[in-house]
Amino acid sequence: MIKFDNVSKRYGKKQILNKLSFEIPDGKFAVLIGPSGCGKTTTLKMINRLIEPDEGKIYIDGKDIESEDKVQLRRSIGYVIQQIGLFPNMTVAENICVVPKLLKYDKERCDQIVHDMLNMVGMPYDEYAGKYPNEMSGGQQQRIGVLRALAASPPIVLMDEPFGALDPLTREVLQDEMKKLQKKLNKTIVFVTHDMGEALKLADTIIFMEKGQIVQMAPPEEMLKNPSSSLVRSFLGKHSDGEMSSISVEDFMRTNIITVDQDRGILECTERMARSGVDTVVVVDEEDKYVGTVSIRDIKLRGMGENTIKPLISRNVQTVQRDGNAQECFDYLLNSGDNYVIVLNEDDTLAGIVTKNSMAKALSEALWG
Amino acid sequence: MYGKMLINSIVTHVCYVIISVTIGFVLGLIIGILLSRIPKYSAYIFPIVSIFQTIPGIVFIGVLFLYLGMKPVTVIIALSIYAMFPVLKNTYTGILSVDEGYVEAAKGCGMSPYQALFKVELPLAFPNVIAGLRLATVYTISWAVLASTIGLGGLGDFVYQGVSSNNNTLIIAGAIPAAILAVVAGALIDRLQKKIMSRGTRGEAAK
């Protein structure tokens, strides 16, 4: 259990934390959230004594952490930070073993830990253990960042906006993994974020802070139902309207799409595009399963000498399931710069398409009815 | 007869360089690390050190000569001190330019200040340190020419004899081997760096 007792901190004249008191029970996923400058990161860093309080006490399992050795304390608490957590001069295996090595585990045990950890997130040992951070994607790096924090199986893990720098889809995936890991390993996690969606998804308890004080501390459901102030409500924003968060992709996709069969000729395809006034068509196979897209640009650039459209089919367009979360789909459209995503049924047949237009329409309907 | 003299001079020259650069590198590395622990004070220490660096080598050797006499030690002390500066400066700035996020991650993982220094900060500052060593070596090869001003040999013998007797061939006989030495030493250090440095940080060094 983590307990803050009247903790205050000031930098110069600025009061960062003001008599903060709260408790986080063992095995809970607690998310600290609030506007920037509210003291959430300061609070987090006090738990592993990267920042010391001016007043007040912090207890872990009833022990005042001030009385413990800083370095020993930190080895018993996992720590994940945004982006550059991994040491670039060390391989994945070495990064994961940083804390076990500091704790003087023998080599065999360290190896075993690396195997277990990579196995847990489905990254093959042979492929990844010897890689350096700069040889991996941001999502993979942050997975290793989480594994490093878990390696010495600390009962508490601190996470400081760990997924903030990742693209929306990767972030979703890592959040899901994180939630699963936490349930499986039964860790106490303290997680800082400014993204309410993330907080609602992950938290057992949300601690909402403003100006160094707690505005509301409640489970997600409770916070959604009874936000204690207008600031909390504005943070909950779209999430507080229960209807909105449950909207799935199929509720606003367009279904009247121009499709062509993958064996059709180029001329027929361009003719079709011209007639319907579109620049891209969706290609399907005999069983109406989605194959890819063909754009007029592809035909102009590479269509010379081809008979059918088959060689021109591009598979770069993002696809989503029809029961997928509408918000993720919107986030993707907004962040990626793509103009549309393809919606598929469960058997990979084509269900529809979501364009920026249909997204705007759905949003306006939600706002003004 | 010149051939033998030339080889002798090159050997002396190389000895001066290796000994002085080694001493200078170790000193520079240690002092650079120490200063990086106290960046607040180092802001005042560095300008003072820099003034010292502006004293011409020939003056410094001359002064040392007055106190220590005509011994190889005189040359080595002078060259070591000059070789120390680039290493010191690069080590210091290299360590300070390591992203604070890494240092915080190291602390947060439970590394002691020493462990953070040796496992994270120094390895990440390594490209800078080696760049300092490279500078120091190349400079020292040219500075070692000054040894002959107090009659202690090295390739400077040729250069000064050539200058005083107006013999261009002699000057070139001293200058060309010195230039070749500098190029070879630079290449050796580059290879060393590639060998030692981990694959993970090489990309960053290239930036």
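The values are calculated or read from the model by the stated rules, or taken from the named source; none is laboratory data. Note that the coordinates shown come from a computational prediction; the quantities given were computed from them, not determined experimentally. Note that each Cβ is placed from the backbone with ideal geometry, even for glycine, and that neighbours are counted across all protein chains shown. Protein only, heavy atoms only, side chains kept; ligands, DNA and RNA dropped before computing areas. Shrake-Rupley method; radii C 1.70, N 1.55, O 1.52, S 1.80 Å.
The alpha carbon centroids of the range B:130-167 and the range B:1-44 are separated by 14 Å.
Overall, the accessible surface of the range B:2-206 at a probe of 1.4 angstrom is composed of carbon and sulfur to the extent of 71 percent. Computed from Cα atoms, the angle from the helix A:266-276 axis to the main principal axis of chain A rounds to 80 degrees.
Three principal axis extents describe the C-alpha atoms of the range A:249-368; from largest down they are 50, 27, 24 Å.
Using the Cβ of A:G122 as centre and a radius below 14 Å, the other residues enclosed give a net charge of -2, where K and R count +1 and D and E count -1. A dipole drawn for the protein assembly as shown from +1 and -1 charges on Cβ atoms has a positive end, and of A:V190, A:V284, B:P72 the residue lying farthest that way is B:P72. What's the buried accessible area, both sides, between B and A using a 1.4 Å probe, rounded to 100 Å²? The B and A chains share an interface burying roughly 2000 Å². Could you quote the convex hull projected area for the range B:9-102, Cα atoms only and averaged over all directions, in nm²? Computing the convex hull of the Cα atoms and averaging its projections yields 7.2 nm². What lysines sit close enough to A:K14 to cross-link, taking a C-alpha to C-alpha distance under 17 Å and skipping anything fewer than 8 places away on the same chain? Cross-link targets: A:K40, A:K211. The 1.4 Å probe gives accessible areas that order A:K9, A:K310, A:K361, largest first, as A:K361, A:K310, A:K9.
For chain A, averaging the sequence separation of C-alpha pairs within contact (under 8 Å, six or more residues apart) and dividing by the residue count gives a relative contact order of 16 percent. With 23 Å as the limit, the listed pairs A:K63/A:K184; A:K9/A:K57; A:K28/A:K63; A:K57/B:K40; A:K107/A:K183; A:K45/A:K187 have A:K63/A:K184; A:K57/B:K40; A:K107/A:K183 beyond it between alpha carbons.
Here chain A is treated with +1 on each Lys and Arg Cβ and -1 on each Asp and Glu Cβ, and its dipole about the Cα centre works out to around 1560 debye.
Looking at chain A, the accessible area is 48 square angstrom per residue; that uses a 1.4 Å probe and ignores ligands, DNA and RNA. Ordered from largest to smallest accessible area (heavy atoms of protein chains, 1.4 Å probe), the residues A:K131, B:K4, A:K356 come out as B:K4, A:K356, A:K131.
Taking a ≥ b ≥ c as the square roots of the eigenvalues of the alpha-carbon gyration tensor, the range A:115-236 is classed prolate because a/c is 1.5 or more and a/b outweighs b/c. Put a dot 7 Å past the Cα of A:L231, heading toward its Cβ, do the same for A:V173, and the two dots end up 3.6 nm apart. The C-alpha atoms of chain A define a longest principal axis, and helix A:230-240 lies at about 40 degrees to it. Take every pair of alpha-carbon atoms less than 8 Å apart whose residues are at least six positions apart; their mean separation over the length of the range B:35-150 yields a relative contact order of 35 percent. What separates the Cα centres of the range A:114-132 and the range A:287-320 is a distance of 36 Å. State whether the range A:2-245 is rounded, prolate or oblate according to the following rule on the C-alpha gyration tensor (a ≥ b ≥ c being the square roots of its eigenvalues): a/c under 1.5 gives rounded; otherwise a/b larger than b/c gives prolate, and the remaining case gives oblate. In terms of gyration-tensor shape, oblate.
A Cβ-based charge dipole, computed about the Cα centre of the range A:16-63 with Lys and Arg at +1 and Asp and Glu at -1, lands at about 80 debye.
How large, in percent, is the carbon and sulfur part of the accessible surface of the range A:57-210 at a probe radius of 1.4 Å? Percent of accessible area from carbon and sulfur atoms in the range A:57-210: 46. Taking A:V294, B:V63 and ordering them by how much accessible surface each has at a 1.4 Å probe, largest first, produces B:V63, A:V294. Under the membrane-span-like helix rule (DSSP H runs whose alpha carbons stretch at least 15 Å along the helix axis, mean Kyte-Doolittle hydropathy 1.6 or higher), chain B yields B:2-37, B:57-68.
Dimensions of the protein assembly as shown based on its C-alpha atoms, expressed as ranges along the principal axes with the largest first, amount to 98, 76, 48 Å. Rounded, prolate or oblate: which one fits the range B:2-206, using the alpha carbon gyration tensor with axes a ≥ b ≥ c (rounded when a/c is under 1.5, else prolate when a/b beats b/c, else oblate)? Prolate is the answer for the range B:2-206, as a/c is 1.5 or above and a/b outweighs b/c. Defining a contact as two alpha carbons under 8 Å apart and six or more residues distant in sequence, what relative contact order in percent does the range A:155-309 show? This gives 13 percent for the range A:155-309. Using the alpha-carbon atoms, what tilt in degrees (0 to 90, nearest 10) does helix A:138-150 show relative to the longest principal axis of chain A? It is inclined by approximately 30 degrees.
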